[in-house]
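Read-outs: derived from the displayed coordinates by stated rules, not from any lab. Since the structure is predicted, the reported quantities are computational estimates derived from the model, not experimental observations. When we count neighbours, we look across all protein chains shown, and the Cβ atoms used for this are built from the backbone with ideal geometry, even at glycine.
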Amino acid sequence: MFNNLKGLYTKEMAKKVEAMTLDVLNQVNPQTSAEAEATESLHMISGSRKALFIGINYVGQKGELRGCVNDVVNIKEFFQKHYPLDDMMILTDDKETEPETNFAPTRKNILSAFRWLIRGAKKGDSLLLHYSGHGGKVKNADGTEKSGYDQTVVPVDFQSSGQIIDDDVHDALCKDLPEGVRLTAIFDCCHSESIMDLPFIYNVNGNLEIVENDRNAAISKLVAGGTRLLLDRKNKKAMMNFGKDIMGMVKDAAGSKDGRSADAKQEHVEANTTDADIIMFSGCQDMQTSADANIAGEATGAMSYALVKTLEGHLRERITYTDLLREMRETLEGKYTQVPMLSAGRRLKLDQPFTI
């Protein structure tokens, strides 16, 4: 009985600490701040549709995959059927599976294809990019990555020509794309959350996920620490440590650790914010892997499968970007550890219907 009362007491203390913590965090980093709110609508699509599909199985190489070329076939067929494409290019390393392949997915050809995709794009045009293959990470050389690593696209000839880092992906696809163009990118690969170096990452509610994650992490730590402190008020050392933790965590949650991280975050946002409407669905978070799966007897990327399955279930009534993310996550949840992500090149209202 004593243990039960102690448990109830702990829960009650935790609620009080959570309320106080939220009050503090809302003052230093309000959830309704400009950083946390999407404010801009997507431009209308009124021009041509152009698509690039890249699937790499790394046939005959160590780390060979099985489902990436199938992903290209399935994604291409879905979008051709429901969103007629005016022009497209296909890069795969399996011509038996995909005979329409234009080029091999070498490093040189992938970068050339990126440039082809955005060339001549104007307001009202819609561009689609789908990549299924290996994603990697390499040590960041210029100190611009918080994790210390650049995320990479892995070409079929990566052993001789190297990988394509996220900075180069961003420069090739995002930097010069004009206002009013929409680029929808789908990266079904490992470590893909920031593969395009887009500054705004969204959750299923349409809020900026990085803001919510910072707040939730701080709240969890502060609630745990504060509850322990209230249960042991005589422990002066615990009280001093909790005071230090509060200051550090509040600074982290506010994005202002000694004033440096806030500046670095703002510089990244300003440098990578795009004029065009660029939206990316990625297979997983930067520290996760994406599954090369076998579903219904076919080799496929788990995220590509979830995307097509979800969209096919909403052909009559278009699904929003955020609901698409939610349903994709629900499809994979419990079967795979990866968490699909949604990011954008500028602050956008993503409760609008998905279209290309």
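For the reader, a short list of remarks on this structure follows.
- Relative contact order (percent, whole number), region 69-130, Cα cutoff 8 Å, 6+ residue spacing: 27
- Protection proxy ranking of 280-290, 296-306, by the mean of other Cβ atoms within 10 Å over each peptide's residues and highest first, is 280-290, 296-306.
- Taking the Kirkwood radius as Rh and the Cα radius of gyration as Rg, region 309-356 has a ratio of Rg/Rh equal to 0.99.
- The DSSP beta bridges internal to region 42-153 are antiparallel in roughly 25% of cases.
- Each of E312, E98 was scored by other Cβ atoms within 10 Å of its Cβ. Arranged with the fewest first, they read E312, E98.
- In region 44-156, Cα pairs under 8 Å separated by at least six residues give a relative contact order of 35 percent.
- A dipole drawn for region 51-107 from +1 and -1 charges on Cβ atoms has a positive end, and of L65, P105, I75 the residue lying farthest that way is L65.
- Sorted by Cβ density within 10 Å, fewest first, the residues S192, S126, S112: S112, S126, S192
- Cα-based shape type of region 269-330, given that a ≥ b ≥ c are square roots of the gyration tensor eigenvalues and the cut on a/c is 1.5: oblate
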